[in-house]
């Protein structure tokens, strides 16, 4: 296994039968032979891997907590992840196979903790992160979705546009722990999609989906000076463990909450989605 004593951001290309994609891999300093967690970050539209890394500041957190970060990059022809195409919504085909192949490629070269692989994304990347968790539930310990949509919310461009504007109903979810961020003033992907993610996730975990029936749920509205007010909700299973954590950012738009202005589509006012996702990820290991 490859080990590095200093941090590095490496540009790579994955080539396989399903297709080819470039990706960036961040390796924190002090990486030794011990297995490291891996966080996979899927950018949104009008973003690149490097831009997404700068905006989310995920590399800074990787350096502090010592984990690898992979940033798969969609091809310039497509521009964004094809979450609405049936051929890209199943395992061992299309974009899910490419992303899974990138993970396998990294794990073959570096010492990756197989029980601590996580995936997160923004917008189309968030929708694809959900697809990955459904297609490969055995691969991930937790998933993060920022301004994304539920699995099965669309099957073509027309239904995708409708789901983005009004909130698509999810047909499935994964049982892996899920953390959601969404601005309630998002003009591109309606905040109703966050509730669809919660509903689908609760259903997949065998929990009541009606708002009045969610006995193992808590919701707190938080207002902190200098940060956008937000409602933080936690949904727990019968064993008391967190199944879904949701952050609705009041006044937030279609942008990574708490992100850096060094990247596009960020909202520096916070709350800090990267900090909360990293905290959530590192609290969970694959069962």
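Evaluation of residue 149 against the conditions (1) more than 22 Å from residue 275 (Cβ to Cβ); (2) modelled with pLDDT of 90 or more; (3) more than 18 Å from the chain's Cα centre (by Cα) shows that the sole unmet condition is (3). Scanning the range 269-287 for residues that are buried (at least 19 other Cβ atoms within 10 Å of the Cβ) and not in a loop (DSSP other than H, G, I, E, B) yields a count of 7. Total residues in the range 16-53 satisfying the condition of being surrounded by 19 or more Cβ atoms within 10 Å (Cβ to Cβ) and out of contact with any strand residue (DSSP E or B) (no Cβ under 9 Å at 6 or more places or on another chain): the figure is 1. In summary, residue 11 fulfils each of the numbered conditions (1) modelled with pLDDT under 95; (2) surrounded by fewer than 17 Cβ atoms within 10 Å (Cβ to Cβ); (3) at negative phi with the single exception of condition (1).
Can you find even one residue in the range 260-278 that is under 21 Å from the mean Cα position of the chain (by Cα) and on the phi > 0 side of the Ramachandran plot? Yes; the residues of the range 260-278 include at least one that is under 21 Å from the mean Cα position of the chain (by Cα) and on the phi > 0 side of the Ramachandran plot. Residues that are assigned to a loop (DSSP other than H, G, I, E, B) and under 20 Å from residue 101 (Cα atoms) within the range 12-43 comprise 17, 18, 35, 43, listed in sequence order.
Taking helices (runs of 4 or more DSSP H) as the structural unit, those lying wholly within the range 50-153 and holding at least 3 residues that are in contact (Cβ under 8 Å) with a residue 60 or more places away in the chain and within 28 Å of residue 248 (Cα to Cα) correspond to 58-65, 124-135. Scoring residue 56 on the criteria (1) over 15 Å from the mean Cα position of the chain (by Cα); (2) within 21 Å of residue 282 (Cα to Cα) leaves a single failure, condition (1). Taken together, the criteria exclude residue 72 from residues that are at pLDDT 95 or above, in contact with a helix residue (DSSP H, G or I) (Cβ under 7 Å, 6 or more places away or on another chain) and surrounded by fewer than 20 Cβ atoms within 10 Å (Cβ to Cβ).
Against the list (1) surrounded by fewer than 20 Cβ atoms within 10 Å (Cβ to Cβ); (2) out of contact with any strand residue (DSSP E or B) (no Cβ under 8 Å at 6 or more places or on another chain), the condition residue 190 fails is (1). Residues that are at pLDDT below 95 and outside any strand (DSSP E or B) within the range 158-198 comprise 166, 167, 168, 169, 170, 171, 173, 174, 175, listed in sequence order. Listed here are the strands (runs of 3 or more DSSP E) enclosed by the range 210-268 that have at least 3 residues being surrounded by 18 or more Cβ atoms within 10 Å (Cβ to Cβ), touching a strand residue (DSSP E or B) at 6+ places or on another chain (Cβ under 7 Å) and touching a residue at least 60 places away in the same chain (Cβ under 8 Å): 242-249. The set of residues in the range 75-91 that are loosely packed, with under 14 Cβ neighbours inside 10 Å and touching a helix residue (DSSP H, G or I) at 6+ places or on another chain (Cβ under 8 Å) comprises 87, 90.
The values are calculated or read from the model by the stated rules, or taken from the named source; none is laboratory data. Keep in mind the model is a prediction, meaning the values are calculated, not measured. Note: ideal-geometry Cβ built from the backbone for every residue, glycine included; neighbour counts use all protein chains shown.
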